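The values are calculated or read from the model by the stated rules, or taken from the named source; none is laboratory data. These numbers were taken from a predicted model, which means no experiment stands behind them. Reconstructed Cβ throughout: ideal geometry from the backbone, glycine too, with neighbour counts over all protein chains shown. Ligands, DNA and RNA are excluded from the accessible area calculation, which covers all protein heavy atoms including side chains. Shrake-Rupley method; radii C 1.70, N 1.55, O 1.52, S 1.80 Å.
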Amino acid sequence: METTSVLVPQDGFRQAIAKLPTGVTVLTTVAGDSPVGCTANAVMSLSADTPSVLVSLGSRSRTLAAILETGRFAVNTLSWAQRALTRKFAVGSPAERFAGVPWRPERRIPVLSAAGVALVCEVGDTATLLDHTVVVGQVVWLRDTNATPTVLYGREQYPLGA
């Protein structure tokens, strides 16, 4: 018996998937001498034996291109105090994303100064799946401030523990 798969509409999928709580992060790297970055919520722990994370970015992302060129990137978890940066790094002008945002270089990668957790990673394996590229980042540096993290749920942000 032959079956035909019918995919659900994109808007219905987006509405449903927004109900999966997720952390809010900003991925940062450099393009030439300039810091670049974007908001990302497709970030997860991959392994503790070889400390590593898995991130997924749209294959046409400028930040992804810079990550692959540089070979390093940072995962910055946004603290509740930094929640306004989510939108700035998601839809703001790429040239303006770092304007007024305190950061410092760590292993030559920009790390947001007030990030609750910051991980600097070296690019490991990559795989292109559908319209995204998955990047394995091997963690070579970390900072954990114990700041209250921000969680995204239903397109709204909440402090974890609230």
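Overall, the accessible surface of the range 18-65 at a probe of 1.4 angstrom is composed of carbon and sulfur to the extent of 56 percent.
In this structure the amide hydrogen of ARG72, modeled in the peptide plane, comes within under 5 Å of the amide hydrogens of VAL123, none closer than 5 places in sequence on its chain.
When you count, for each residue, the other Cβ atoms within 10 Å and take the mean per peptide, how do 34-41, 105-112 rank with the highest first?
Numbers: 34-41: 20.9, 105-112: 18.2.
Per-residue Cβ counts within 10 Å, averaged per peptide and sorted highest first, yield 34-41, 105-112.
Let a ≥ b ≥ c be the square roots of the eigenvalues of the Cα gyration tensor of the range 5-162; is it rounded (a/c under 1.5), or, if not, prolate (a/b larger than b/c) or oblate? Because its axes are fairly even, with a/c under 1.5, the range 5-162 counts as rounded.
For ASP144 and ALA42, the FRET efficiency from 1/(1 + (r/R0)^6), where r spans their Cβ atoms and R0 equals 25 Å, is about 0.75. With all protein chains kept in place, the per residue accessible area of the range 40-106 amounts to 56 square angstrom at a probe of 1.4 angstrom. Legend: calculated FRET efficiency, GLU96 to VAL6, from the Cβ-Cβ distance at R0 = 30 Å, rounded to 0.05, equals 0.10.
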